[in-house]
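Asks: Sharing a structure with you now.
The values are calculated or read from the model by the stated rules, or taken from the named source; none is laboratory data. Just so we're clear, the structure is a prediction, and the values are computed from it rather than from any experiment. Because the Cβ atoms are built from the backbone with ideal geometry, glycine has one as well, and the counts that use them run over all protein chains shown.
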Amino acid sequence: MDQLPPARPGRPPSAERPNGTRFVHLKRPSAGEAGMATAEYAIATLAAAGFAALLMALLSSGQVRAVLLGIIMRALSVV
């Protein structure tokens, strides 16, 4: 097999797999992209909280509560 090139300073040397292919060291995200995942999680969390608040408002209304109670009572009376 061919010799591996010498490792660059500060980087681990490449390694060969048993089938002869080399592992590839991927580049890390640049500093400008480092916080993107955190911001996306924050937006998703806010959206989920808003959706939960909307569901709570709907489910606490008298009409929806009566419909749900009717469904539950019908289901229990069948058994």
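Asks: What do you reckon, is V79 at pLDDT 65 or above and among the hydrophobic types (A, V, I, L, M, F, W, C)?
Replies: no
Asks: Here is a follow-up. Answer yes or no as to whether V64 is loosely packed, with under 10 Cβ neighbours inside 10 Å, over 21 Å from the mean Cα position of the chain (by Cα) and not small (G, A, S).
Replies: Judged against the criteria, V64 is not a match.
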